[in-house]
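Visitor: Below you will find the structure I want to go over with you.
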Amino acid sequence: MGGSLTYPYGSTSAVRGHVLAALGVLKVASADQIRRLTCPGHKDSKGVRNACLDLAKHGLTLSEGSARDGQKLWGLTPLGITAAAEALGRPAGDMGGNARGAARSGAPHAMAVNETVIALTGTQPAPTRPIARTTPTPAPGAPTEPATPTIAAEPAVPLGFGSVSSWATEVVHNLPGTSRTWPSVRADAVLRAPEAGLPVLLVEVDRCTEADEVLAGKFVRYHQYFRVKVKDPTIPVAHAVHASLSVPLWQSLYPPTSRDGYPPIVVVFEPGTRLGEQALKNRMNRVLDLTRAHWAGTYQKLSGFGGEPDGYVDFTDAIPVLFTTLDRIQNSGPLAPVWWRCGHRRWETLTDALDNPQDRRAWRRREDERSAAREEQEARQREEGTAPAGDWSQRHIPAQPEPALPPAPPCETCGVLLKGLGGEDPSAPRPDGRTCEACRIIEAAQPPAGLFKALFGRQDKQPRDEPPARL
């Protein structure tokens with residue numbers, strides 16, 4: 001294909017856009033990796049190489065070396081990072097670095113990360129319009145040329161999650177107060193594909209070149225980062241005085257996962273020829289044991305319906321950790337049961353592996369089943385006439401005897417028992433607890449005498465025939 005003065009290698013704008021988007025995510029990649037991630041429908045990588053050369057002419061791409069298999073590696077210049085941000089629709093500040101110098105050593109870890117991203121994405125070839133025939137169709141009965149043997153079609157790529165714009169690599173997560181030159185933890189890749197039920201998925205690629213403790217130590221920093229809380233930016237500062245008004249720091253970067261716990265982390269093991277099958281299994285088990293404190297939840301013991309002991313596992317402060325291998329997802333695809341969740345006991349699909357079958361929802365389902373079974377049993381007993389009397393919740397409580405009341409005291413005046421408080425005669429004085437109603441009426445009708453008479457009674461009048469006393 002002939003080129004032009006602007007693009008002498010004859011690349012198209014669509015392929016140049018694919019190259020910018022792929023390198024903006026992968027940082028450094030080969031032309032074949034760019035093709036498989038963005039345009040797998042092309043039969044070879046020639047169109048992608050031409051696009052890389054045309055972009056290099058304009059100072060957007062450059063090549064500093066080759067991979068260990070001999071393929072030329074391409075990266076972006078600072079100007080190319082700005083162009084890639086426009087192609088991906090992201091702010092230029094979110095693009096990260098340009099991985100300068102990585103290609104000089106073959107970039108083995110970057111190549112493994114690229115292959116993981118390609119396998120998890122599973123980009124399908126875009127359908128194209130059929131090309132019109134240039135040779136006439138032979139008439140019926142006319143001699144035809146020998147049939148050319150057909151070439152077997154390349155096997156379809158297994159379906160995956162998201163697209164190239166759903167990914168970001170070398171994502172830095174800093175704790176508050178730390179410098180960007182000392183990151184707390186760096187994720188190899190981050191997938192955000194909410195349309196596939198994955199609001200966020202952190203990916204770690206392990207080439208099995210480090211000690212088991214080094215890989216497990218990364219989860220310690222992840223746990224520290226996930227536990228950090230900051231003030232909710234949606235609440236005014238004057239109101240944010242309580243700890244309940246804070247939000248996790250990681251939610252400032254990623255949306256909630258709709259599941260208990262922190263964002264899931266996938267460890268993709270790519271041992272190559274360095275480890276055998278048994279050695280790789282031993283490494284997985286070792287890392288699983290070293291990270292148990294981070295992925296295992298806390299058991300909460302509760303009482304079930306009717307006092308039966310039961311409980312659930314609280315995953316609020318746990319990190320879902322999943323294991324897989326690169327060859328598994330390349331051969332079967334990420335939608336197949338190729339995921340091993342730490343704490344589970346079998347290979348599962350990603351949806352099942354991210355689920356928490358022992359959380360509070362499972363306990364609630366068991367509680368509802370026990371309650372329904374108890375109600376069904378009681379209904380059957382009532383129909384058969386064998387149901388015990390009274391409410392079920394009170395059947396097992398023994399009857400308590402009523403407390404004996406003390407005998408009523410007698411009236412201090414007449415000796416009659418004071419069984420009631422009276423109140424039949426409205427003219428009777430109020431009960432005093434010592435005399436009956438009749439005695440109180442009689443006592444109230446008598447004239448006052450003694451001290452009561454001296455204080456409240458009426459004074460006797462002096463006789464008229466006696467003169468008043470004088471000094």
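The values are calculated or read from the model by the stated rules, or taken from the named source; none is laboratory data. Computed from a predicted model, the values in this text were never measured in an experiment. A quick note on method: Cβ atoms are made from the backbone with ideal geometry, for glycine too, and the neighbour counts reach across all protein chains shown. For accessibility, only protein heavy atoms count, side chains too; no ligands or nucleic acids. Shrake-Rupley method; radii C 1.70, N 1.55, O 1.52, S 1.80 Å.
Visitor: Holding the Cα-Cα limit at 28 Å, pick out from 27/231; 218/281; 43/72; 27/218 the pairs that are longer than that.
Guide: Going by Cα-Cα distance, 27/231 fall outside the 28 Å limit.
Visitor: Which whole-number value in Å² is the accessible area per residue of the stretch 246-382, probe 1.4 Å?
Guide: 54
Visitor: State, to one decimal in nm, how far the label point of residue 299 lies from the label point of residue 279, with both points 7 Å from Cα in the Cβ direction.
Guide: 3.7
Visitor: For the stretch 1-130, just say rounded, prolate or oblate: build the C-alpha gyration tensor, square-root its eigenvalues into a ≥ b ≥ c, call rounded for a/c under 1.5, and beyond that prolate if a/b exceeds b/c, oblate if not.
Guide: Since a/c stays below 1.5, the shape of the stretch 1-130 is classed as rounded.
Visitor: What is the sum of charges, Lys and Arg at +1 and Asp and Glu at -1, for the other residues whose Cβ falls under 12 Å from the Cβ of residue 222?
Guide: Net local charge, residue 222 excluded: +3.
Visitor: Rounded, prolate or oblate: which fits the stretch 314-382 when a ≥ b ≥ c are the square roots of the eigenvalues of the alpha-carbon gyration tensor, with rounded for a/c under 1.5 and prolate only if a/b beats b/c?
Guide: Prolate.
Visitor: Kindly identify the stretch 30-105 as rounded, prolate or oblate by the Cα gyration tensor criterion: order the square roots of the eigenvalues as a ≥ b ≥ c, call it rounded if a/c is under 1.5, otherwise compare a/b with b/c, prolate if a/b is larger, else oblate.
Guide: It comes out oblate by the Cα gyration axes.
Visitor: Also, I was wondering about something else. Can you send over the carbon and sulfur percentage of the accessible area for the stretch 15-78, probe radius 1.4 Å, protein chains only? Don't jump to the answer; show the numbers that get you there.
Guide: Values: 1210 of 2370 Å².
It is 51 percent, rounded to a whole number.
Visitor: Calculate, for residue 375 and residue 86, the FRET efficiency according to 1/(1 + (r/R0)^6) with r their C-beta to C-beta distance and R0 60 Å; round to the nearest 0.05.
Guide: Details: r = 63 Å, r/R0 = 1.06.
Using R0 = 60 Å, I get an efficiency of 0.40.
Visitor: While we're looking at this one, here's another question. What is the local net charge at residue 347, summed over the other residues whose Cβ is closer than 10 Å to its Cβ (Lys, Arg +1; Asp, Glu -1)?
Guide: That sum, taken over residues with Cβ under 10 Å, equals +2.
Visitor: Determine the per residue accessible area of the stretch 58-127 with all protein chains present and a 1.4 angstrom probe, expressed in square angstrom. Let's see the in-between values first.
Guide: Numbers: 3240 Å² over 70 residues.
That works out to 46 Å² per residue.
Visitor: What number comes out for the charge environment of residue 123, summing +1 per Lys or Arg and -1 per Asp or Glu over other residues with Cβ under 11 Å away?
Guide: Combined, the nearby Lys, Arg, Asp and Glu give +2.
Visitor: Using a 1.4 angstrom probe with every protein chain in place, what is the largest-first accessible-area order of 7, 254?
Guide: 7, 254
Visitor: Still on this structure, please answer the following. Rounded to the nearest 0.05, what FRET efficiency do residue 408 and residue 445 have when you use their Cβ-Cβ distance and R0 = 35 Å? Before the final figure, lay out the partial values.
Guide: Values: r = 25 Å, r/R0 = 0.72.
FRET efficiency, residue 408 to residue 445: 0.90.
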